[in-house]
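The values are calculated or read from the model by the stated rules, or taken from the named source; none is laboratory data. Computed from a predicted structure; not experimentally measured. Reconstructed Cβ throughout: ideal geometry from the backbone, glycine too, with neighbour counts over all protein chains shown. Ligands, DNA and RNA are excluded from the accessible area calculation, which covers all protein heavy atoms including side chains. Shrake-Rupley method; radii C 1.70, N 1.55, O 1.52, S 1.80 Å.
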Amino acid sequence: EYKIYLEEILKPLQLDVLQRRKNGRTGREALQEALDQFIKKLKEYTTGCDDRKLSKASLRRARIIEKQLVAVSERLLADPLQASPRVIEPGDLHGIWHGFAAVRSWRDSRVPQDCLLAMLRGALAVLDEEELEQWKNDALTWELTLPEVHQAVSVSAWPDLCELLGRLPDCVTPAELQEALWQQSFVENPTHAPEHRNYRRFALLAAQMVAIGVELEPDKVSMLVQQTLDLERPWRERRDMLSGILSAASVEDRLRVVQELDQRFEEHADIEDFEIVCGIAEHIGIEVPRDGAIRRCALRRWALDPKRGGALPVARLIDYVDMDATIGEELATNLRQKGRVADAALLLSRLPQSQMSGVSGDSVGTLDVANGDAELARLRQVLSMDDDIGACADPTAPGTGVFGPIEEGG
C-alpha cells in the first residue's frame with residue numbers, strides 16, 4: 001500500500017541513480033548529494049522535522065512509512081559496495097556524517113538517524129575484516145575528530161554511534177556532550193516550539209545519554225526539576241519529563257529530588273506531587289522515603305482498596321501495614337465496618353502498644369457492646385496474650401501459646 005512512497009523516498013540512494021550521480025564526482029560527493037535528496041524527500045512524508053500538524057490519515061501514513069523505512073535501509077549502501085565494479089569505496093562511507101549533520105535541526109531526528117545507522121550497519125557488514133577495522137579507525141582518529149563534523153552531529157546520535165564504533169572519539173567527552181545536550185534542547189530550538197516541548201526533548205535526550213556514561217550536574221538537575229514542576233502541563237507530562245531528567249542524574253541527586261518532593265507533598269498535600277513521585281519511583285527504580293508522607297499515603301490507599309489490600313487475608317495484610325499504627329487503626333476500622341471483627345482484632349494486636357490510641361483491656365466496661373467494641377477488645381487481649389506466652393515459653397517446646405495444639409489422651 002505504501003510501496004510507492006517508500007520508492008519515492010529511497011530513489012536517490014538506489015544503485016542505478018547513485019551510479020549516474022557519480023559521473024564526474026567522487027563516490028563521497030555522490031553519496032552526500034544523494035543523502036541531501038533522501039532527507040528532503042523524508043521531510044515530505046514523515047514527522048519530526050518540524051512542528052506542523054498532520055491529519056489523522058497523514059499521521060497514520062507517516063508512522064507506517066517510518067516503521068518500514070528502517071527495515072529497508074540496510075541494503076541501500078551495501079549494494080553499491082558489492083557491485084562489480086564498486087560504485088562507492090569503503091572510504092566514501094564517511095560521507096554518511098553529512099547526513100547526520102543535515103538532520104541536526106530536526107525537532108525529533110530519531111527516524112532519519114535510525115535510517116542512517118541502518119545504512120551504515122548494512123554497509124559495514126559486507127566489508128571484510130581489514131576494511132572494517134580501517135574504516136572504524138579512520139572514523140575515530142580522523143573523520144569524527146574534525147570540529148565541523150562532530151559538533152554538527154546531534155547529541156542523540158552518539159549512543160548508537162558509540163555502540164557501532166566500539167567507543168567514542170577521544171574529542172567527544174562527557175563534558176562536551178553535557179553542554180551539547182543543553183544547547184540543543186534549550187538554546188538552538190530551531191523550530192520555535194512551545195517551551196514545554198524543549199523540556200520534553202531534553203528529557204528524551206538525557207535518558208539516552210545514560211548509555212554512554214553522561215550524568216547531569218547537580219545544579220542543573222535541581223534547576224530543571226523545579227522548572228519542570230512549574231510548567232503548566234498535565235502531571236503525566238511532567239512525570240515523564242522528570243523521569244527522563246533523573247535517568248541521567250546521579251543516584252544521590254535522584255534520592256535528593258525524591259526526598260524534596262516527598263516533603264513538598266507533606267506540606268501541600270497536592271495529589272499531583274504524589275502521582276509524579278510514584279511514577280518516577282516506578283520508572284527509574286528508586287525507593288520512596290520509608291518514613292515519608294508519600295509512602296504512608298500509598299500504603300493506606302492500597303490497603304483500603306477492596307480490590308487490592310482489602311482482598312488479602314488479614315494475616316498477609318499485616319505484613320504490608322509494616323507496623324504503622326495510624327494505618328493499622330484505619331484499616332482495623334474499615335474491617336470492623338465490614339463485620340470482620342476478629343480480623344480487626346488480630347491486626348490491632350500486632351501493632352506496637354505504645355503507639356496505640358485505642359482502648360485497652362481495662363476499659364472494656366465502658367465500650368459500646370452493640371458496636372462490637374467489647375468483642376474487639378477481648379479478642380485483642382487474647383491474641384496479645386498468645387504473643388506474650390509464645391515469646392516467654394521455650395520455642396523448642398511443643399504446644400506453646402494459648403492456641404497451641406491439644407495433647408491427645410487423658
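Here are a few things to note about the model shown:
- Positions within the stretch 23-46 being in a loop (DSSP other than H, G, I, E, B), surrounded by fewer than 20 Cβ atoms within 10 Å (Cβ to Cβ) and touching a helix residue (DSSP H, G or I) at 6+ places or on another chain (Cβ under 8 Å), in sequence order: Arg25, Thr26
- The residues in the stretch 205-214 that are at negative phi and surrounded by fewer than 17 Cβ atoms within 10 Å (Cβ to Cβ) can be counted, and the count is 2.
- Scanning the stretch 230-240 finds no residues that are among the hydrophobic types (A, V, I, L, M, F, W, C) and over 22 Å from the mean Cα position of the chain (by Cα).
- Scan the stretch 57-85 for residues that are in contact with a helix residue (DSSP H, G or I) (Cβ under 7 Å, 6 or more places away or on another chain) and among the basic types (Lys, Arg) and the total you get is 1.
- Across the stretch 163-172, the number of residues qualifying as touching a residue at least 40 places away in the same chain (Cβ under 8 Å) and in a loop (DSSP other than H, G, I, E, B) comes to 1.
- Any helices (runs of 4 or more DSSP H) falling wholly within the stretch 173-283 and containing at least 1 residues that are over 24 Å from Ala298 (Cα atoms) and of a type in the set (Asp, Glu): 174-182, 195-209, 218-230
- Counted residues, the stretch 257-287 - those being in contact with an Asp or Glu (Cβ under 7 Å, 6 or more places away or on another chain) and more than 18 Å from Met241 (Cα to Cα): 2
- For the stretch 133-155, the tally of residues that are in contact (Cβ under 8 Å) with a residue 40 or more places away in the chain, open to solvent by 10 Å² or more (accessible area, probe 1.4 Å) and in a helix (DSSP H, G or I) stands at 4.
- The set of residues in the stretch 61-99 that are among the β-branched types (Val, Ile, Thr), under 22 Å from Asp36 (Cβ atoms) and assigned to a helix (DSSP H, G or I) comprises Ile65, Val70, Val72, Ile96.
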